[in-house]
1. Considering only residues that are more than 9 Å from chain B (Cβ to nearest Cβ) and assigned to a strand (DSSP E or B), look in segment A:68-87 and name the one that is nearest to A:Trp116 (Cα to Cα).
2. Write out, first by first residue and then by second, each pair whose Cβ atoms fall under 7 Å of each other, whose residues are 6+ apart or on separate chains, and whose first residue, in segment B:116-132, is within 23 Å of B:Leu146 (Cβ to Cβ) and of a type in the set (Asp, Glu) while the second is at pLDDT below 95 and surrounded by fewer than 16 Cβ atoms within 10 Å (Cβ to Cβ).
3. Which of the residues spanning segment B:233-259 are assigned to a loop (DSSP other than H, G, I, E, B) and either among the aromatic types (Phe, Trp, Tyr) or within 22 Å of B:Gln84 (Cα to Cα) (or both)?
4. Any residue that is touching a strand residue (DSSP E or B) at 6+ places or on another chain (Cβ under 7 Å), farther than 24 Å from B:Ile12 by Cβ, of a type in the set (Val, Ile, Thr) and more than 14 Å from chain B (Cβ to nearest Cβ) - is there at least one of those in segment A:43-52?
5. List, please: which pairs have Cβ atoms under 8 Å, are six or more places apart or on different chains, and start with a residue in segment A:100-115 that is assigned to a loop (DSSP other than H, G, I, E, B) and end with one that is surrounded by fewer than 19 Cβ atoms within 10 Å (Cβ to Cβ) and aliphatic (A, V, I, L, M)?
6. Kindly provide the set of residues from segment B:172-211 that are in a strand (DSSP E or B) and either closer than 19 Å to B:Met246 by Cα or not charged (D, E, K, R) (or both), ordered by number.
7. Could you please find all residues in segment B:248-307 being charged (D, E, K, R) and either more than 14 Å from chain A (Cβ to nearest Cβ) or more than 22 Å from B:Glu27 (Cβ to Cβ) (or both)?
Amino acid sequence: MATVKGCNIPDDLYYNVENNVWARREADGTVTLGMTAYAAALAGQIVSCTPKKVGRSVEQNKSAATVESGKWVGPVKAPVAGEVIAVNAALASTPATINADPYGSGGMVRLKPANWDADSAGLVTGAAVAAAFEAKMNAEGFAGCA
Amino acid sequence: MKTPWLEIIESIEPLDGVDLDAALVAELASRGAVSGGGIAGRINFYTPTFKAYATSEIAGCIKNAWPAVSITGGACKLGCDHCQAKILEPMIPARTPDELWRVVSGEIARGAQGMLLSGGSNHRNEVEYNAFYPTIRRIKDAFSELRIALHTALVDRDIALRMEESGIDVAMMDVIGAQDTISQVYHLKRSVADFERSLECLAATSMKVVPHIVLGLHYGRMLGEWNALEIVARHQPDALVLVVVMPFYAHPARPFVTPDARVAGRFFIDARERLTGIPLLLGCARPAGRIKSQIDAYAVMAGLNGIAHPADGIVELAARLGREVRVSAACCSIAAGEEVLALESYSGMRVDPARVIARERASARRRAGGLAGIPVVAS
């Protein structure tokens, strides 16, 4: 578990640091993805999460969901390519769960990855996570998660 | 049988899963509001910079060209059921005239081209700008290029004149057409006639006047909107902004239902036909998620002239329906933060939508920094 400027950034997940998104390889080989605690803090209270439909293919670094808060609207970009096999329907009614539990019940989409090994090779995980996010936060002048 | 417009909608990937009412789409197509050129043939998409924004089609830009400033910070005495002062929260506070001068000077140094000036109301739905008028005049004298759009709230003739004399460019106010909404949602002892008189006073000045109508203002249901439309029509403003109430700001004890997008769509038809020749704009405020895509699609089909922060796929829809698309998003030098100045100042950029969309989608992965490449506006 890593904590960077007060933001929880678990080091067992895989991150596209630039896009501020995470991926978790599940035991069955599928991949759950969502936005980081840092991203959620930047956005503020999230008021809407609209994922891609089940059955749709998503390219790596393309939008898997659209998220909106009072001061931000934009895509959550898939860290890896794959087919959407499930979405977190609960977020439609309680999108602020993304702020409260970004890596658990705030996970947005589950993918059947197209090529996990190749796509995940470019993601950051393990001991490198904290330094990567600290550098990003410093570069962006982020004061810290509340 | 699917209409050609439904087939077009279904061919646009970002609109996948957005359910539209086939009968309403057919009616919108039959009205022909978007064909034949003229005012409804052109549509402008813009990205006011007080909200960071990106879709696969267009994106906002980094500079805060159009800050929103509140003379009361986040405070509002009204505490209306639909807002709870939440709309003020992200604005830059400037609670004294000196602070306003400092804030504006700083924002201009950072590239501001205009600003939205607002504030919380007193118990009579008046924003108490009195102490600020000399400073506003000073700002306009010192920075003549800076455009100022003011949320006026309710005014009388003298206040409207003071606003004009201070150099305000655009006066904006919500027009409410139902007494029950004024009493119950706004908790106000004011009348519908007060709102019309305010609009009349503003229209008598040289300021651009741009009323707003909030659809679904009565706890998510339509009540006084058509009367408000009649009031607006009587005073022929420079433009009308339509917004849709956002239920998530409401207090849980007095909840709002999410307005039905089809009802909004039908109101768009009525507004377009009632205000022939007056620019109709869909403002930033509307519910998020799939309903936003529905509302925006109906707005394009009904012939509205501008949409702020359009849902993904809407630029392509407009282009495919043959509308003359202008995008004020690629460069903040054109995107004015409030709807009217965007309209007024664009000549805009006439664009080839296919090129804009293709470029944006291709460059999306190259954007860096902020939140998924999108800068976040500091609150």
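The values are calculated or read from the model by the stated rules, or taken from the named source; none is laboratory data. Since we're looking at a predicted model, the values are computed, not measured. Neighbour counts are summed over all protein chains in view; Cβ atoms, including those assigned to glycine, are modelled from backbone coordinates with ideal geometry.
1. Out of the qualifying residues, it is A:Gly82.
2. Going by the 7 Å Cβ cut-off, the qualifying pairs are B:Glu128/B:Asn122.
3. Matches in segment B:233-259: B:Val245, B:Met246, B:Ala250, B:His251, B:Pro252, B:Ala253, B:Arg254, B:Pro255, B:Phe256, B:Val257, B:Thr258, B:Pro259.
4. no
5. Taking only residues 6 or more apart or on different chains, the pairs are A:Ser105/A:Ala90; A:Gly106/A:Ala100.
6. Within segment B:172-211, B:Met172, B:Met173, B:Asp174, B:Val209, B:Val210, B:Pro211 meet the criteria.
7. If the condition is that a residue be charged (D, E, K, R) and either more than 14 Å from chain A (Cβ to nearest Cβ) or more than 22 Å from B:Glu27 (Cβ to Cβ) (or both), then B:Arg254, B:Asp260, B:Arg262, B:Arg266, B:Asp270, B:Arg272, B:Glu273, B:Arg274 are the ones that fit.
Here's the yes/no breakdown for (1) within 18 Å of B:Ile159 (Cβ to Cβ); (2) modelled with pLDDT of 95 or more; (3) small (Gly, Ala, Ser); (4) touching a Ser or Thr at 6+ places or on another chain (Cβ under 7 Å):
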| position | (1), (2), (3), (4) |
| --- | --- |
| B:Pro90 | no, no, no, yes |
| B:Glu99 | no, yes, no, no |
| B:Ser105 | no, yes, yes, no |
| B:Gly111 | no, no, yes, no |
| B:Asn122 | yes, no, no, no |
